[in-house]
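The values are calculated or read from the model by the stated rules, or taken from the named source; none is laboratory data. Nothing here was measured: the structure is a model prediction, and the numbers come from that model. Because the Cβ atoms are built from the backbone with ideal geometry, glycine has one as well, and the counts that use them run over all protein chains shown. Accessible surface is based on the protein model in full, side chains and every heavy atom, while ligands, DNA and RNA are left aside. Shrake-Rupley method; radii C 1.70, N 1.55, O 1.52, S 1.80 Å.
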Amino acid sequence: EKQLSLEVGDTVHIQEVCDGKNISKHKKYESYCCLFLFISPTHIPFQGVFPASFVHLKEELVISGEMPLVKEVTTTLREWGSIWKQLFVVIKNKKQTNKSTVCRLMCELMEWRSQLLSGTLPSDEFKELKQKVTSKIDYGNKILELDQVVRDEDGNILEPERASVISLFRAHEEATAKINERIKEEQSNVQTDHSGISARIQSSPTHSLYVFVRNFVCRIGEDSELFMSLYDPIKQSIISENYLVRWGSKGFPKEIDMLNNLKVVFTDLGNKDLSREKIYLICQIVRVGRMDLKETHNKKWTMGLRRPFGVAVMDISDLIKGKIECDEEKQYFIPFFPVVAENDFLHSLLNKVTALRGDSGGQGLWVTMKALVGDIVQIRKEYPHLVDRSTVVARKLGFPEIIMPGDVRNDIYLTLVGGDFDKYNKTTQKNVEVIMWVCDEEGKNSICLGAGDKAVSEYRSVIYYQVKQPRWVETIKVAVPLEEMHRIHLRFMFRHRSSQESKDKSEKNFAMAFVRLMKEDGTVLQDGQHDLVVFKGDSKRMEDVNCYLSLPSTRHHHGDPHKTSGLSRSSSNVSGSGGGLSVSSRDSFTISTLVCSTKLTQNVGLLGLLKWRTRPELLKENLEKLKIIDGEEVVKFLQDTLDALFNIMMEHSQTDDYDILVFDALIYIIGLIADRKFQHFNTVLEAYIKQHFSATLAYKKLMAVLKRYLDVSSRGEQCEPILRTLKALEYIFKFIVRSRMLYSQMAAQTKPNESLFCIHVCFCVCFHLRKSYNLLFPYLIFLSIPLCHSLSFSLLCIHYSQGETFQHIQDIVVSLLSIINRTVITMGREHALISRVVACMTAILSQMDDRHYATYIETFSGSPELVVSDFLMESFLLFKDLIGKHVYPSDWMAMIMVQNRVFLRAINTYADTMNQKFLNNDDFEVQLWNNYFHLAVAFITQESLQLQHFSPTKRNKILAKYGDMRRLIGFAIRDIWYKLGSHKICFIPGMVGPILEMTLIPEEELRRATIPIFFDMITCENAHSGNFHKFENEIILKLDHEVEGGGGDERYILLDCAAEKPTLKTHVQHFVALVKGLLIRLLDYRTVMSDDSRNNRMSCTVNLLNFYKDINREGMYIRYLYKLRDLHLEGENYTEAAYTLLLHSRLLKWSDEMCSPQFESRGSQTQRQLKETLYDTIIDYFDKGKMWEEAITLCKELADQYENEIFDYELLSKRLEKQARFYENIMKILRPKPDYFAVGYYGQGYPPFLRNKVFIHRGKEYERREDFQNQLMSQFPSAVRLNTTTIPGDDIRNSPLQYIQCFTVQPVLEIPLRLKNKPVPDQIINFYKSNYVQRFHYSRPVRKGPVDPNNEFSMWIERTTFTTVYKLPGILRWFETTLSPLENAIETMESTNEKILTMINQYQADWSLPINPLSMLLNGIVDPAVMGGFAKYEKAFFTEEYNQQHPEDKDKLLRLKDLIAWQIPLLGGGISLHGKRVTDDLRPFHERMEECFKQLKKKVEKEYGVRELPDMDERKSTRPRSMLRSIRQSIISISSLQGSECGTPTKLYADR
């Protein structure tokens, strides 16, 4: 049985064990590592035996209810396992990165697979793990160049059957974007030891940070307030609301219920926030108690003062960006840094701490953190165990990147920046406390200090002890109902606080400031800093709203646009109804505000539009102003703006005064959202349309304006908004459809079919687009996708019931299909939108059934300007182009296969139409049918359908989902071909190549169905022309190209389908044999062309060119001559390159006839011109190879042409100069003799052109045998080197291994006739010693008989002669050795005589040897049936006919006769020796043998003469020289070597 070669990880099916114990036949056991079936490289399982210890038996646990994700991981691991092994075993040192990456990915997947199988994960962790697994699988597939897996929103594999074409396309786009982001992360080393986190973070527009305060360790002794927030140290700004934790003096939260429940989520963070260089989590600690901690606890000290205590800071950049994975159970320590001096403001201390770290002494915060993806609604859903309703939410200071409809927000963040307060009559600076109220005219108030805290009536600032210019930088949130905003203002009171309670009670408010939240024009307070006017006066008057509200609140700065409310710094009093208040010129106070409101704008123009009813006369102006308003402000108030626009449209439904303005404004807003800057707002707009849009009659207005624009364009008039309109068409359609749906619901109280109406709307618009196609085409090229994606909104993504939608789909097809076809044809394949347009075209075709196709075809019959053949021609060319060059990436396998399925249906449907309309003689269109055949073959041969190239996993998936589409269309081609009847001849030989390409696909059923087409072609051409030469020439030409391109295999067999036609049978059989021979050589050639061995490539090339020469295909012959020439030039074999080109030149004549196409290398040339050009090139090659003798021969031929034919003496002189230089080179330049090496390739492991053959190789200059042999062994690294020079036996020849034998041989000089018997200089004669040689000798010493030290003739030399097929040098650096039948006969006779002589010697030397071997040898020769073994030679060679045909073999015939004559005395000596040794029981046998010998001797001596041997008893060890020379030319005594011309030094051992 065959032994299996197993590798670690292979899976085997154990059928039985050798001790007979049956192990559950066909049961599958898997090794623990890589799980896949043990298959051959061609994916075909095979059987064999292996040692039982090679495998580990493991019972496989089958989980029937395994979740789909686990199955996907298992399948992925199996597929990756085989690839990883290839990377490790085959590629070895290449792609080390990929190898280690795959190993890491597989280990992570196996670990996660175990977690998934455990079933113990909470739902949020399971969801997160699922996302990580799918992200890892998709990333791994990408780097391994496997197919992309598309998924739905939940991460499950998206099945193409359950999704529309457009949905599938969008899923591919999204998956590609995610994977590319993931790869960028890997390349930039954003992630190192985990997967999916950062990729997911970057793919989401909203992010959150979960923080759980576990403990606060600090020696305070008083109550404290912890304000936690996110902080940007580069910009030195806080970026989130404060989370307030009130901590008691005993080391617990003040509210004991909050113990172990201090959780907060900082949310609304966007990608811009994550792109900040640094993000810190900070905690500002404010002590609440005495002015100074050193004061003793006594009632006389003022209590409840807010004093700065310190800060805690931690860099969380890597954590929040996903660079490190965070476990919500891992606790982080945030060190605490105290305030040292009174001028250490908390904000300033933050900057110091972030720049310079110190020792916290163990004081600080203990927290756990986790970066979460999504907004608060999403994370509450996905992480319920972390975030619940009790978790505090701290929002960002500012808007999130996406403001969803319904997210109503009206927050004003106010920051107490700083102040400058004079001490006036005090000896020390004041301890200033700022008290803030949110007031209306009646004095009501409400303030929020921080997230997690209850609303308070007033806010008191931190007190800095005796600091003239305190900088608080404390941020609080003002939460005010929207309807009260216009009445609200903020009031700030300034009070000096004393550390002694008695003094503190007597202190009054010494100043105040205020600011309104709304300005007179209705806009909200501008963001930024505000320098407020500080007023002084009676404390009661300062609290009286009527005393200050009419006064200006802010100081005037240069360039302040709000001058009217400003006041100069130098003012000292206030005019008007100041109520007794005066401006303090020596005090200042600065605040900063940030408005986060979806209802209040700071832009006057936008406010005018939102409140258009208050000033209707300005409506037109405000609509026009919308286009110049900052886009960020517009998208911030997207819902209100859209509501306003549609309200304007609806409230003016009886007139069209504002329709175009509203439409243009809508287009502007949609265009804004299309901008990359606001692309995240697409989801906002989608949500608005579905949930908040309510204009039931808007569809009429929108369609009217849209139609108006299209009509203007279709008339050729200038229509400036048309380009923007087409860009916004997708959302315009959605507004129209939604409006109509709402209208229908309101009118009929039933939910209508949204899809039907959408189709209707699309049809109306497309109808106008079709009318204005020529004018709009430049726009459509650029903007096709918005249109098509709008269509896909419903038309292309729902499976309809036949009855109600047939007409709607038909209308769309009629109006749109030809437009999209032409758009695809016109768009370049590199266009950014081409894939999307093709997806939409595919989607339309996928919705069509047979009736749609039939109805559409019928539309052509009613229109004289539309021709169905033109449409079919256009479609075929389009499909062929798309199939030949996919517009999708190669890893979008699902998309490509869906497109193929749709195209296949269309092609077959169109073919049925052609059968009905274009098959009759009158209507037959050759070009149309030709295009169909070429399209069908292009479809069947496209790379994406070649299942044999795919892994078993991928192949099985495709077969399960789509089947083998090649068979279907292949059978269709066959059926249509046989229907063509007499028209078949129109496609011969044009269709031979495409059909051949199809039949070369290794699919047996397809071949059986389509190969008979060839024999139908033969029959057809033979009936038409009397032969099938065109077909034969074409198939040979195309077969060469196809096999070289990768088609075909050893199992390709041309069936003899013409056997039933006796007249063709012989010709067809010859043709089949011809193709088989060619295919074998082409496959050998293709195999070795990827080989590193240039010699093998040359050998196969020569085999092919000789084959083409034999079958008289000069074009192909020349093609391979030049391929051989190129190979020689690569190896600098200039001599061989010259001989190769010389073969081409011999096909040409010295004539002025034009070259036939196969001879032309470039342009039109005569044969003379081409031959002269070739000679010039060949002479240059011979010159480089120092073969000047050959170059001179060609120079003489050229000189003769110049002198006697074309009389160009100038060229003649140049040629003679070159010729003279060659003569000079011969005499003066040293040319090293190349060595020649015999190389034998033995064993069945070699390809057929090398197997068990011997070649003579011509070495390069100064190349030693050791170097040549090492180079040879490097080409066959698994070969075994034979260290003997004898011809190996059958055991080695039949071995499955490879053996190489290499030794040096000597060329036999063959002096040309013109040099014989002449005094020739050595420089000339030396050339012929190693060139123009065909015979080579190898001599080795041997011993015969017993060793006799006293006998000088006991050493013998065996000389072997090799004759090559061609002389060397030639078109190769080596040629195979060959023997003629006559030479083989001589060698056989020599071998037989040598056997007899050797055995006689053995039996004379040792009388104890058994007689049987000698008996058998002698009887086998003298037996009448054998007659010496030479009877066959007499019939073959000793005839008059042979002498006439081979006069050159005269000497060899004499040699053969001489050997036959010498066999008689050898046999006589052997029989004589046998008679002395034979036993009595064998005596009858011996006597019969003697009788036979007498008859043989009589016959031979009569025919070939008498030969005599010396007496065997007298000459046991030595023989006459003449006799030995006659017995075997290659056996001579050592003494006879003296003076030998071809002698070699005697060697006692074989070459090693």
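Brief remarks follow.
- Pair Leu968, Asn156: separation of 7 Å Cα→Cβ label points (nm): 2.6 nm
- Compared with the rule-of-thumb size 2.2 N^0.38 Å for a compact globular protein, region 1135-1289 has a Cα radius of gyration ratio of 1.43.
- Using a probe radius of 1.4 angstrom, the carbon and sulfur fraction of the accessible surface of region 989-1042 is 48%.
- Fully extended contour minus Cα-Cα distance, from Ala341 to Lys1065, at 0.36 nm per residue: 249.3 nm
- With coordinates expressed along the principal axes, the C-alpha atoms belonging to region 270-402 extend over 54, 34, 31 Å, beginning with the largest.
- Label-zone membership for region 256-277, site His692, 7 angstrom Cα→C-beta point, backbone N under 20 Å: 268-270
- Principal axis dimensions, region 1076-1156 - Cα atoms, whole angstrom, descending: 43, 34, 15
- Computed from the C-beta positions of Arg214 and Asp711 and an R0 of 56 Å, the FRET efficiency is 0.20 to the nearest 0.05.
- Two-site FRET efficiency, Lys1498 against Leu1454, from Cβ-Cβ distance with R₀ of 30 Å, rounded to 0.05: 0.85
- Inverse of mean 1/r across different Cα pairs in region 431-547, Kirkwood, Å: 15.6 Å
- At full extension, Glu1387 and Lys184 could sit 425.7 nm farther apart than now, given 0.36 nm per residue minus the alpha carbon distance.
- Report note on the peptides 1470-1480, 1018-1028: ranked by the mean count of other C-beta atoms within 10 Å, highest first, their order is 1018-1028, 1470-1480.
- For region 1216-1280, dividing the convex hull volume of the Cα atoms by the residue count gives 121 Å³ per residue.
- Extension gain, Glu1491-Lys519: 0.36 nm per intervening residue step, less the Cα-Cα distance, totals 335.5 nm.
- Normalised radius of gyration (Cα atoms, divided by 2.2 N^0.38 Å) for region 852-953: 1.23.
- Applying the criteria of a DSSP loop state and at most 12 other Cβ atoms within 10 Å to the GluC sites (Glu not before Pro) of region 1122-1214 yields Glu1132, Glu1153, Glu1205.
- Among the trypsin sites (Lys or Arg not before Pro) found in region 868-924, those both in a DSSP coil and sparsely packed, with 11 or fewer other Cβ atoms within 10 Å of their Cβ, are Lys885.
- The label point for Leu117 and the one for His486, both projected 7 Å from the Cα toward the Cβ, are 7.0 nm apart.
- Binned Cα-Cα distance frequencies in region 366-432 - 5 Å width, integer %: 3, 10, 16, 15, 12, 10, 7, 6, 7, 7, 5, 2, 0
- Inter-label distance for Ala177 and Lys700, nm, one decimal - labels placed 7 Å from Cα along Cα-to-Cβ: 3.8 nm
- Kirkwood hydrodynamic radius over Cα pairs of region 1172-1258, then Stokes diffusion coefficient at 25 °C and 0.890 mPa s, in µm²/s: 156 µm²/s
- Residues His1446 and Arg1483, FRET efficiency given R0 of 56 Å [Cβ-Cβ distance, rounded to 0.05]: 0.75
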